Structure formats: structure tokens, C-alpha cells
Amino acid sequence: MDSCGSRDIEPLITTYHYLHRMPAGILKCFILLESNNIIPVGGAVFSNGRIQYDGKYLDFSRLWIDDRCPRNTESKFIAFCIKKLQKEFSNFEGIVTWADPKQGHTGTLYKACNFIFDGYSRSVTKYKDLFTNRIIYQRSYTGQDGTVLLQKDPPKKRFIYYFDKKTRESLRC
């Protein structure tokens, strides 16, 4: 487990993470190596967060761990990342992340790592441009010709890890 540059982890994330792309505004990346410290078996990417958080929270943008890793690898890796981030980004209040039900994610891992459930995102409508086959998300959709409604994604669950232990404990159920 170690921090790394975004170029070091990009092939791992773009190949194995379900979104197959890196996020914008990357602040810190971490890589998980096999016991021989040569072969990467996991990674995490943290970015500067979304506008609505006004610089209060880091955004836990990507996580991928090889399924062949031992039990509890994910939570140990996340704990390592949190510890490093808390020191380096003490000006932030914590970390926000999302569990995507379309991917079968419910947030169990985040709850196990002391993240607090904080509500839901809005559902997102997607359109398809029939001329280019590109997906257009609702915030960039302008009603252009040649598009059809593709789907409405269900809301994602939002979780926050507060760096301040007292805040975290007061919000736990």
C-alpha cells in the first residue's frame, strides 16, 4: 500500500473499474501491490469533490480491488488511505463517496469503514444521440434532434467519513 501518481494507477482503473475512466480533479491516488510489491491488485482515487460540497469533502472517486485478494483487503486498504488523507488534507472535513445500486453496491463496505449514510443523490436521466451513439446526461441535454430517452438511473447512496472522531461518533446510529 502506497500513494502513487495518477499515471501509475490509470491503466488499472480504466481497465477494471466499471466506469473505465479516471475522474476529474484528482488530488491523491493509492495503489495496492501484491506481497511481492510488483503486481498491482488494487487502487483508489480521491478528487477535489463536487461543487456542492464547497471544498469541505474529498471525493472518494474510484476504488477497485482484485476479487482474488484476501478477505477484508478493501477495508484495510481504505483505512490506510483515510489515515494518509487525514494528515495531508486536514483542511477538509472528511470524505464523501457513493454506492451505485446499478452495480449492486449497497454501501456495506463504507459502513464497515465508519462512513455515515448521508442520503441519496438525485436520479439521473440519460439520452442517446442516434447519430453518434454517444450517451448524453441530463445536465448537458438540450433537446437536440436525433436523441432518444435511454434510461433513468436510480439514485446512489451517499456516505461521508468525517475526519473528526466526535462528529463521526455523534452521527452513528
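A few remarks follow.
- Subset tally (residues that are at pLDDT below 75 and surrounded by 10 or more Cβ atoms within 10 Å (Cβ to Cβ)) for segment 123-145: 4
- Single residue of segment 146-156 satisfying the filter (without any contact (Cβ under 8 Å) to a residue 40 or more places away in the chain and part of a strand (DSSP E or B)) that is surrounded by the most Cβ atoms within 10 Å (Cβ to Cβ): Thr147
- Within segment 26-40, the set of residues being more than 13 Å from Cys81 (Cβ to Cβ), touching a residue at least 24 places away in the same chain (Cβ under 8 Å) and out of contact with any helix residue (DSSP H, G or I) (no Cβ under 8 Å at 6 or more places or on another chain) comprises Leu33 only.
- Of all residues in segment 112-145 being among the aliphatic types (A, V, I, L, M) and not in a strand (DSSP E or B), the one that is nearest to the chain's Cα centre (by Cα): Ala112
- Members of segment 16-32 that are at pLDDT below 90 and either touching a Pro at 6+ places or on another chain (Cβ under 8 Å) or small (Gly, Ala, Ser) (or both): Ala24, Gly25
- Residue within segment 1-15 that is touching a Phe, Trp or Tyr at 6+ places or on another chain (Cβ under 9 Å), of a type in the set (Lys, Arg) and either under 24 Å from Gly104 (Cα atoms) or at pLDDT 90 or above (or both) present: no
- Selection of strands (runs of 3 or more DSSP E) fully inside segment 10-67 by the criterion of at least 3 residues being within 15 Å of Trp98 (Cβ to Cβ) returns 40-47, 57-65.
- Residue count for segment 43-73, restricted to those that are on the phi > 0 side of the Ramachandran plot and either surrounded by 12 or more Cβ atoms within 10 Å (Cβ to Cβ) or modelled with pLDDT under 90 (or both): 3
- For segment 88-110, a residue qualifies if it is outside any loop (DSSP other than H, G, I, E, B) and either crowded, with 16+ Cβ neighbours inside 10 Å or of a type in the set (S, T, N, Q) (or both), and the qualifying residues are Gly94, Ile95, Val96, Thr97, Trp98, Ala99, Gln103, Thr108, Leu109, Tyr110.
- Residue within segment 77-95 that is without any contact (Cβ under 8 Å) to a residue 24 or more places away in the chain and under 22 Å from Tyr18 (Cβ atoms) present: no
- Count of segment 59-104 residues, restricted to those that are more than 21 Å from Gly119 (Cα to Cα), small (Gly, Ala, Ser) and within 13 Å of the chain's Cα centre (by Cα), is 0.
- Verdict on Pro23 being touching a residue at least 40 places away in the same chain (Cβ under 8 Å), closer than 30 Å to Gly146 by Cα and not basic (Lys, Arg): no
The values are calculated or read from the model by the stated rules, or taken from the named source; none is laboratory data. Note that the coordinates shown come from a computational prediction; the quantities given were computed from them, not determined experimentally. Positions of Cβ are backbone-derived with ideal geometry, glycine not excepted, and every protein chain shown enters the neighbour counts.
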